[in-house]
Amino acid sequence: MPVPGPAGDPITAAEVIQGVLVTAVSAVVGALLGVLWLNLAPRVLLVSDGKGVYLRNSEGESAIGADGTFVLLALAFGAVAGLVVFLLRRRGGVPPVLGLAVGGVLGSLLAWGVGTHFGPTSDVVAHAKAVGPGVTFEAPLELNLGIAALLAWPLAAMIAHLALTAAFGPRDPDPWEHPKEF
């Protein structure tokens, strides 16, 4: 039996399947975001003197550049996801929109995992010992913005979908055009 949606229209099984599909596709595409982040983000360079590990350029902006790269890529992925869902389903609906939100979070988490797992090792001390003193090496890829960076994709997806639906979506009937008789 269909469950009524917010506007009184029933949410069908097909819409729920579409929402799950949007979630799954978004999550899987997150791996592509992770690979792009890994390849496009600027690297933080470290150097060891045998006693400690230091930034090669203490005034560098590479760490914030890595965060910015992730956020900009996530915003682009979210905007494209919102556009694709709108183009495939112009009527809107709650399940596909929830799929955009949940899939965006899952995609961002997967992207973060891919970038940090396949990037430089997180064991900086062992890496410094392996390369030796005076040799420059890369720091692990990190998201210093934390959850804010992970929410860029779902926010961009929701905003893009909302804007497209508001501008080009079907209109509700005008209640003043055909008033109900009492």
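When only C-alpha pairs under 8 Å and at least 6 residues apart count, what is the relative contact order of the stretch 1-91, in percent?
That works out to 21 percent.
Using only alpha carbon pairs under 8 Å that are at least six residues apart, calculate the relative contact order of the stretch 54-175 and give it in whole percent.
Rounded, it is 48 percent for the stretch 54-175.
Rank-order 20-27, 122-129 by packing density, defined as the average count of other C-beta atoms within 10 Å over each peptide's residues, highest first.
20-27, 122-129
Tell me the angle of helix 13-40 to the major Cα principal axis of the chain, expressed in degrees between 0 and 90 and rounded to the nearest ten.
Helix 13-40 and the main axis of the chain meet at about 20 degrees.
How big is D for the chain, in µm² s⁻¹ as a whole number, if Stokes-Einstein is applied with the Kirkwood radius of its Cα pairs at 25 °C and 0.890 mPa s?
Once the numbers are plugged in, D ends up at 131 µm²/s.
Throughout, read-outs are computed from the coordinates displayed, never taken from laboratory work. Predicted, not measured: the structure shown is a model, and the values here were computed from it. Using ideal geometry, Cβ is built from the backbone for each residue, glycine included, and neighbour counts are taken over all protein chains shown.
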